[in-house]
1. Based on alpha-carbon centroids, what's the gap between segment 240-269 and segment 23-46 in Å, whole number please?
2. Rounded to the nearest 0.05, what FRET efficiency is calculated for residue 302 and residue 219 with R0 set to 35 Å and r the Cβ-Cβ distance?
3. Taking R0 as 41 Å, what FRET efficiency do you get between residue 1 and residue 207 from their Cβ-Cβ distance, rounded to the nearest 0.05?
4. Which semi-axes, in whole Å and largest first, does the equivalent ellipsoid of the chain have when worked out from the alpha carbon gyration tensor as the square roots of 5 times its eigenvalues?
5. Which angle between 0 and 90 degrees, to the nearest 10, do you get for helix 113-129 versus the longest principal axis of the chain when only C-alpha atoms count?
6. Would you compute, from DSSP H runs of 4+ residues alone, the mean residue ellipticity of the chain at 222 nm, taking -39500 (n - 2.57) per run and dividing by the full residue count, rounded to the nearest 500?
7. Give me 198, 231, 56 ranked fewest to most by other Cβ atoms within 10 Å of their Cβ, as a rough exposure proxy.
8. Taking Cα atoms, how many degrees apart are the long axis of helix 230-250 and the longest axis of the chain, rounded to 10 and kept between 0 and 90?
């Protein structure tokens, strides 16, 4: 830690463990100037809690890069309860200097991107449990315009990391973030995804393939009782994204006036998730469908699949008043 002396900002990127991160930040704080910024690359842990017991919690914030960091253009700057405007503005400036796009988000479980992404990944597991194949689910996401399917994405992120993030969000938001525990099962078998050579797919060098043994390992149905088209599969996945994004918008996860906040959610969805760029962002996509139609689609799915599809209060309100997501 002595090598940190003279640094104006320190970014920790150790394992996603509260105790370990707290220890690293505490050690770092004792080896840098009192006004140096301490940033955590956590993907889900509370910035406010990470700053507890530090002498100057106002200099602590989140600086969440996305995987792979060298390619993904978004950085979430996470504002803890005591994070100062100085720390936020300096970190945003550094992010821009790195050639990336900063968005400032409030300290809620999952922040913005992982919060809206998790229901999409959870729904992919629900679809798998219904007998739809990994290939058909991933292909449906690709057909919609996503850069990769949900199971390929889980393998890229790492199933161990994804399981930890999922646990934090389930604790924070309850049943709508919970689903079949396939990722946890694979982690218990040392299948961590691409980095270990096996996850939902098998990886050899630069190539990948499906695993014929996965259905028996996870005890999956041989086929779905109700076959779905690629468009229907995508609808199941994407509407979970949209519903949670509207919750984030209305809860003020991104600050600013309604239009500015909606624009930040759009930016986060495209740059952080890879949400089909030609669709203009997730809130813009919702605007094109319209609140009334969204309410209808979600209500229909809720009748079939339960409360996880219940329209958010913001969608209900806008459907009743025929109002915009940008107003």
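FYI, it's all coordinate maths here, none of it is from the lab. Everything numeric in this text was worked out from a predicted model, so none of it was measured. Note that each Cβ is placed from the backbone with ideal geometry, even for glycine, and that neighbours are counted across all protein chains shown.
1. 28 Å
2. 0.80
3. 0.50
4. Result for the chain: semi-axes of 34, 26, 16 Å.
5. The answer is roughly 30 degrees.
6. Numbers: 14 runs with 157 residues, N = 327.
Result for the chain: -14500 deg cm²/dmol, rounded to the nearest 500.
7. 231, 56, 198
8. It is inclined by approximately 40 degrees.
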